[in-house]
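The structure under discussion appears below in the form of structure tokens.
Derivation of every value follows stated rules applied to the coordinates shown; laboratory data play no part. Not measured: the values here are computed from a predicted model. No Cβ is skipped: glycine too gets one built from the backbone with ideal geometry, and neighbour counts run over all protein chains shown.
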Amino acid sequence: MLDPKLLNQIIDVAANAAYKSSLLKGMGDKNAADQAAVDSMRTELNNMSIKGKVVIGEGEMDEAPMLYIGEVLGKSEFPKIDIAVDPLDGTKLAANNMPNAISVISISEEGNLLQAPDTYMDKISVGPNLPENIVDLDEDIKKNIQNLAKAKNKNIKDICVCMLDRERHQHFINETKSLGAKLKLISDGDVAGSIFSAIDESEVDMYIGIGGAPEGVLAASAIKCLGGQFQARLKIDEEDERQRAQKLGITDFQKKYYLDDIVKGDVIFCASGVTDGELVSGVKIINQEFEAETFALHYSQKFFQKVKTKYNI
């Protein structure tokens with residue numbers, strides 16, 4: 001089990017990354033906004049009394065200065081933890097000062113997070129208190145919507161399906177419309193998209209589609225804390241992707257991953273708002289302070305709250 005004291009420290013990691021990135025929002029430079037969040041996260045994590053290994057990051061060591069897969073952070077030998085990061089989920093959103101840009105991190109005990117390569121992932125998620133496997137990655141979307149509507153005692157027209165607005169999802173869009181269900185199309189930021197499917201205040205009932213594998217592991221961390229369901233399958237199409245996956249010990253490229261395959265044991269998840277959004281508010285700067293709102297979750301402690309914290313600049 002993760003020490004409950006780690007939660008506040010991880011909140012601080014996410015909040016400071018969001019602040020640094022927010023200083024560049026609306027400047028039109030997504031790479032600079034991302035880099036600011038990366039640098040902040042690296043500094044904050046290196047100041048913690050942990051031995052943390054990045055298992056979900058932004059590429060390999062030769063792509064530094066991103067937080068790369070395999071990087072070790074912290075100033076202690078214990079506790080040993082796995083770290084998954086997306087310092088800025090929604091880089092375009094931040095660059096254009098659009099809603100829903102967030103800084104995201106999750107941690108687990110050593111060996112408990114899926115080490116997924118930086119490739120695409122097919123995913124589907126729903127919220128809590130539903131029959132097991134009520135939706136399935138291998139079922140067609142119409143059947144999933146019908147099964148979900150029946151389980152939630154809703155009319156199909158009241159079911160809302162969220163997905164990235166991409167050409168690759170056009171068949172999902174067409175089939176959802178033809179069935180009469182509602183769509184929520186998002187331009188970027190599919191960590192938040194998945195989470196929408198598992199929180200009461202959201203209109204979203206199901207998230208579906210192909211997005212980044214790192215974002216999938218992060219979303220699964222939150223979905224586990226929220227009691228929802230999540231399934232995924234890596235999309236390995238290129239030889240270099242195959243080699244990266246094999247390097248991480250993945251040999252079955254058709255495997256369907258369930259929640260407990262992706263996130264074992266205890267997990268802490270934090271997402272801090274860079275820009276205002278449906279999940280959390282963006283950073284607010286007042287005089288010599290900034291305020292960040294963080295969606296903070298700790299599985300074993302049953303802690304699920306939006307936390308507002310103020311920091312001196």
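Between E239 and T43, residue separation times 0.36 nm minus the direct Cα-Cα distance comes to 67.1 nm. Gaussian network model of the chain, Cα springs within a sub-10 Å range: biggest mean-square fluctuation belongs to which of F269, F196, F253? Judging by the Gaussian network model, the answer is F253. Most fluctuating residue of D89, D29, D122 in a GNM of the chain with Cα springs under 10 Å: which is it? The residue that fluctuates most here is D29. Relative protection proxy for 79-87, 102-110, from highest mean packing down: 102-110, 79-87 (other beta-carbon atoms within 10 angstrom).
Assuming R0 = 30 Å, can you tell me the calculated FRET efficiency for the pair F304 and K51, based on Cβ-Cβ distance, to the nearest 0.05? With a Förster radius of 30 Å, E is 0.65. Using θ = phi - 60° in the Karplus curve 6.51 cos²θ - 1.76 cosθ + 1.60, the 3J(HN,Hα) couplings for the stretch 197-205 round to 5, 10, 10, 4, 6, 8, 7, 7, 9 Hz; x is entered for Gly and Pro.
Averaging sequence separations of C-alpha pairs under 8 Å and six or more residues apart, then dividing by the length of the chain, give the relative contact order as a whole percent. Across the chain, relative contact order equals 21 percent.
Springs between Cα atoms under 10 Å define the GNM used for the chain, and in it the highest mean-square fluctuation of L88, L23, L234 occurs at L23.
I173: net charge of surrounding residues, Cβ under 12 Å, Lys/Arg +1, Asp/Glu -1, itself excluded? So the environment of I173 carries a net charge of +2. Evaluated with a Cβ-only charge set (Lys, Arg +1; Asp, Glu -1), the stretch 7-141 carries a dipole of roughly 760 debye about its Cα centre, given to the nearest 20.
Dipole of the stretch 120-262 computed with +1 at Lys/Arg Cβ and -1 at Asp/Glu Cβ about the Cα centre; of N147, F172, Q243, farthest Cα towards the positive end is N147. Considering helices alone, the calculated mean residue ellipticity of the chain at 222 nm is -9000 deg cm²/dmol, with DSSP H runs of length four and up weighted by -39500 (n - 2.57) and normalised per residue. For the chain, the longest principal axis of the alpha carbon atoms and the long axis of helix 30-46 meet at an angle near 60°.
Annotation: extensible slack from I134 through Q246 equals 37.2 nm (criterion: 0.36 nm per residue apart, minus Cα-Cα distance).
Using a Förster radius of 35 Å, what is the FRET efficiency between K5 and N287 based on their Cβ-Cβ separation? Nearest 0.05, please. The computed FRET efficiency comes out at 0.75.
Neighbours of K256, meaning other residues whose beta-carbon lies under 10 angstrom from its beta-carbon, give a summed charge of -3 when Lys and Arg score +1 and Asp and Glu score -1. Around I83, under 13 Å between beta carbons, what's the net of Lys plus Arg minus Asp minus Glu among the other residues? That sum, taken over residues with Cβ under 13 Å, equals -3. For the stretch 226-313, the set of GluC sites (Glu not before Pro) satisfying both a DSSP loop assignment and a count of at most 10 other C-beta atoms within 10 Å is given as E238. If only the Cβ of Lys and Arg carry +1 and only the Cβ of Asp and Glu carry -1, the dipole of the chain around its Cα centre is close to 760 debye.
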